[in-house]
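Peer 1: Before I ask anything, let me first share the structure, which is written out below as C-alpha cells.
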Amino acid sequence: MRKIESTQIAELCHEVNRAYCALLGDHSQLPWANAPAWARESAIKGVEFHLANPEASEAASHESWLKQKEADGWTFGLVKDAEKKQHPCYVPFTALPAEQQVKDALFKATVAATRRLVEDPQPAVPAEYDVLAAPEWKLAGDLYETYCTAVGGVAFNGDKLPSWHDFSGDFSKTKQATAWMTVALRVLRQPPQTPTATP
C-alpha cells in the first residue's frame, strides 16, 4: 500500500501534456526525468495550485502559470526559448489558440482525476490481474475521456475518436490508448523518476 505524491501527479501532468504535444506533431517535450528543472518546477506548482483550488477554471490555471512565469522573469516570445525566458503562451487565456487552451483543460482534469490518490493508498497490483479492473486502466480511461471531451471527440485528422470502452482491454490497439496507459502505469505502478537533467 502506498499513496501517490503530489510530485508524481506533476509527473503525470507533464507526461499527459507530452503525449498531447506529440499528437499535435510537437516531439520537443522531454520525458519527466530528462526535463529541465524549470519545467518540472512549473508542473509541481501547477499541481499545488489545483490541489489548493479544486474549483479553479482553466483560465485561472493559466493565469496562475502566467504569474509564475512573470515572477521568474519570463516574457512573451514567438518561440519558446528557455535561455531568453520567452514563451509564446505568455498571453491571456482568451488569446491562446484553442489547442493551447486544451493543455490547461487537460492539466486541470489530470489533477482532478488523481486528487483522491493523494489521500487514498493504492494496493499493490499483482502480476496476474484483470486489466479492465486495474486502477491504472481506470485512470487512463478517465484521462482519455477527458482528452476526447477537450478536443470535441474528434482526432486531428478529422476522424471521430472511439470511446475508451471500445478498446475492450486492448490498450495497444491505438496510439491514444497506449499513451494514456503508459503514463498511468508509470505513476501508479512505478516510483517517481529521479530527474537527471541539469537546470
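Just so it is clear, none of the values below were taken in a lab; they were calculated from the coordinates. Note that the structure is a prediction, hence the values are computed from the model and not measured. FYI the Cβ positions are ideal-geometry reconstructions off the backbone, even for glycines, and counts take in every protein chain you see.
Peer 1: Per 0.36 nm of contour for each residue apart, how much would the distance between Thr94 and His27 grow if the chain were fully extended, relative to their Cα-Cα spacing?
Peer 2: Additional length available on full extension: 21.6 nm.
Peer 1: Moving on. How long is the stretch 1-121 along each principal axis, judged by its Cα atoms, biggest number first, in Å?
Peer 2: 46, 30, 27
Peer 1: Report the one residue of Gly46, Ile9, Ala56 whose Cα lies farthest in the direction of the positive end of the charge dipole of the stretch 1-66 (charges on C-beta: Lys and Arg +1, Asp and Glu -1; origin at the Cα centre).
Peer 2: Going by the charge dipole, the pick is Ile9.
Peer 1: Which entries of Lys84/Lys108; Lys45/Lys84; Lys80/Lys103; Lys45/Lys67 have Cα-Cα distances beyond 19 Å here?
Peer 2: Listed pairs above 19 Å: Lys84/Lys108; Lys45/Lys84.
Peer 1: Full extension from Ala71 to Lys160: what is 0.36 nm times the residue separation minus their Cα-Cα distance, to one decimal in nm?
Peer 2: 27.9 nm
Peer 1: Using the crude model of +1 on Lys and Arg Cβ and -1 on Asp and Glu Cβ, and no other charge, please compute the dipole size for the stretch 26-109 relative to its Cα centre, in debye to 20.
Peer 2: Dipole magnitude for the stretch 26-109 comes out near 140 debye.
Peer 1: Give the long-range amide H neighbours of Gln86: residues separated by 5 or more places, or on another chain, with amide H under 5 Å away, using H modelled in the peptide plane at 1.01 Å from N.
Peer 2: Residues meeting the amide H criterion: Thr75, Asp81.
Peer 1: Show me 20-29, 106-115, 54-63 ranked by packing, highest mean number of other Cβ atoms within 10 Å first.
Peer 2: The most tightly packed comes first, giving 106-115, 54-63, 20-29.
Peer 1: How about the stretch 1-73: which trypsin sites (Lys or Arg not before Pro) there are in a DSSP loop, with at most 12 other Cβ atoms within 10 Å of their Cβ?
Peer 2: The qualifying sites are Lys3.
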